[in-house]
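Before any comments, here is the structure.
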Amino acid sequence: MHTQPEITPERQAYYDRMAPQHLAPLWERLRGLIKKEPQPKTQPVHWRYDDVRPFLMESGQVITAKEAERRVLILENPGLPGQSRATSTMYAGLQLILPGEVAPAHRHSQSALRFVIEGKDAYTAVDGEKTYMRPGDFVITPSWTWHDHGNESDQPMVWMDGLDVPVVEILDCQFAEGYPEDRQILSRPAGDSLARYGAGLMPVGFETRSRTSPIFNYPYERTREALSTMAKTQDWDPCHGLMLRYVNPVDGDWAMPTMGTFMQLLPKGLKTVPYRSTDAMVVSPVEGKGRTTITTADGRVTSFDWQARDVFVIPGWAWHTHEAADEVVLFSFSDRPVQDKLGLWREMRGNASSAAAS
Ligand code: 1HN
């Protein structure tokens, strides 16, 4: 790339004269617009559940789920202050529902995922069906579907919310509305969707215009069993261990159109080969302890010693490795389906020397 042109007084005067016409010279901006490589504002960040949980439980004394509408502590990336973003494109937060509480029904064009961290048998109702949730379950609220949450159990329920808020914002496609009642009317029994679409079967003649999987709870029990059974072949990928992606059974595409979700098993003692991809990852360990070491574009090296229920962020295009102190299970999500559909997604698999050289 060329060097930046000099701003002479004549040029500056010319720029100043064109500005009221809403014109600007591209040659002064080009280098800021077209970069050789990604320079994400997203920083590596680690929220330890032991540190966050007291704040989350305190929120239960500060405000009710009903008054808050959604009682959530936003996981805000320090590289994107005040923007309610975990990464440049993904929102993440931790939501608390106490026994007996209801988070009232609403709908919006943003898609949401829930990843259950603590508690059991609170529910979310989506599009006329309830699902009772357990730790490790991956639950979907598709765009523009009514959803309300409630806790009929005797313990607090905490889940991580992931939403495509920044993606919908950049596209200026925000729509939202409230439901006339706190709870939506139910039209199907709990478990109906999983029976219809989640058993490797589908009703004959089933057609949909939705881009989102008709399964809205992928229970951890089944995901874990898939990983455990596959682990018997010990067919470890050097970068990923065993990494599965959640799919839409209708077409084999991602389970959600804007967010890719993954579950990954690393055997005890595995140290992965350096890897990077253009999508920033929000990761929540489900089982085990380990360490992730991240090298960002500025050359800074960050290590996180994490355990189950924590959340951490790996910025896009940052080399990283995982070390599993125990057998480890990691849930993660990113904007990969968007990058994929736009033909932008890239990955690089490294070895120690290529990572060091980059
Ligand atoms: C939302 O609707 C929920 O429904 C959670 O539980 C988090 C963050 C931003 C915008 C809408 C929910 C949200 C949200």
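The values are calculated or read from the model by the stated rules, or taken from the named source; none is laboratory data. As the structure is a prediction and not an experimental result, all values here were calculated from the model. For neighbour counting, all protein chains shown are included, and Cβ atoms are generated from backbone atoms with ideal geometry for every residue, glycine included. Just the protein is used for accessible areas: all its heavy atoms, side chains included, with ligands, DNA and RNA removed. Shrake-Rupley method; radii C 1.70, N 1.55, O 1.52, S 1.80 Å.
Any idea which of (1) crowded, with 22+ Cβ neighbours inside 10 Å; (2) farther than 26 Å from residue 116 by Cα; (3) in contact with a helix residue (DSSP H, G or I) (Cβ under 6 Å, 6 or more places away or on another chain) is the one residue 265 doesn't satisfy?
(2)
Among the residues of the range 306-319, write down those that are open to solvent by 20 Å² or more (accessible area, probe 1.4 Å) and part of a strand (DSSP E or B).
Correct list: 307 only.
Within the range 1-48, restricting attention to residues that are within 22 Å of residue 78 (Cβ to Cβ) and of a type in the set (Lys, Arg), which residue is surrounded by the fewest Cβ atoms within 10 Å (Cβ to Cβ)?
Restricting to residues being within 22 Å of residue 78 (Cβ to Cβ) and of a type in the set (Lys, Arg), the top hit is 35.
Keeping to the range 106-120, report how many residues are farther than 20 Å from residue 211 by Cβ and surrounded by fewer than 20 Cβ atoms within 10 Å (Cβ to Cβ).
So the answer is 3.
Could you check, for the range 181-199, whether at least one of its residues is more than 21 Å from residue 263 (Cβ to Cβ), in a loop (DSSP other than H, G, I, E, B), within 15 Å of the ligand (Cβ to nearest atom) and among the hydroxyl-bearing types (Ser, Thr, Tyr)?
No, the range 181-199 contains no residue that is more than 21 Å from residue 263 (Cβ to Cβ), in a loop (DSSP other than H, G, I, E, B), within 15 Å of the ligand (Cβ to nearest atom) and among the hydroxyl-bearing types (Ser, Thr, Tyr).
Quick one: count up the residues across the range 128-167 that are within 14 Å of the ligand (Cβ to nearest atom) and without any contact (Cβ under 8 Å) to a residue 60 or more places away in the chain.
The total comes to 7.
Matching residues to (1) aliphatic (A, V, I, L, M); (2) in contact (Cβ under 8 Å) with a residue 12 or more places away in the chain; (3) open to solvent by 50 Å² or more (accessible area, probe 1.4 Å):
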residue	(1), (2), (3)
59	no, yes, no
64	no, yes, yes
84	no, yes, no
91	no, yes, no
94	yes, yes, no
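Condition (residue is closer than 28 Å to residue 164 by Cα, touching a helix residue (DSSP H, G or I) at 6+ places or on another chain (Cβ under 6 Å) and either assigned to a loop (DSSP other than H, G, I, E, B) or open to solvent by 50 Å² or more (accessible area, probe 1.4 Å) (or both)) applied to the range 227-250: is it met by at least one residue?
yes
Go through the residues of the range 298-316 one by one and say whether even a single one is in contact with a helix residue (DSSP H, G or I) (Cβ under 7 Å, 6 or more places away or on another chain) and more than 23 Å from residue 73 (Cβ to Cβ).
no
Within the range 339-354, track down each residue that is over 16 Å from residue 38 (Cα atoms) and either in contact with a helix residue (DSSP H, G or I) (Cβ under 7 Å, 6 or more places away or on another chain) or modelled with pLDDT under 95 (or both).
350, 351, 352, 353, 354 - these are the residues of the range 339-354 that are over 16 Å from residue 38 (Cα atoms) and either in contact with a helix residue (DSSP H, G or I) (Cβ under 7 Å, 6 or more places away or on another chain) or modelled with pLDDT under 95 (or both).
Please go through the range 271-305 and give me each residue that is touching a Gly at 6+ places or on another chain (Cβ under 6 Å), part of a loop (DSSP other than H, G, I, E, B) and open to solvent by 10 Å² or more (accessible area, probe 1.4 Å), ordered by number.
Correct list: 274, 278, 280.
Run residue 123 past the list (1) open to solvent by 40 Å² or more (accessible area, probe 1.4 Å); (2) within 14 Å of the ligand (Cβ to nearest atom); (3) in contact (Cβ under 8 Å) with a residue 60 or more places away in the chain; (4) not charged (D, E, K, R) and report the number of the one that doesn't hold.
(1)
For the range 135-148, what are the residues that are more than 24 Å from residue 224 (Cβ to Cβ) and open to solvent by less than 10 Å² (accessible area, probe 1.4 Å)?
Matches in the range 135-148: 147, 148.
Name the strands (runs of 3 or more DSSP E) wholly inside the range 31-117 in which the number of residues that are within 13 Å of the ligand (Cβ to nearest atom) is 1 or more.
Those strands (runs of 3 or more DSSP E) span 72-74, 91-97, 102-108.
Would the range 170-178 turn up any residue that is closer than 25 Å to residue 332 by Cα, within 12 Å of the ligand (Cβ to nearest atom), touching a strand residue (DSSP E or B) at 6+ places or on another chain (Cβ under 9 Å) and part of a strand (DSSP E or B)?
no
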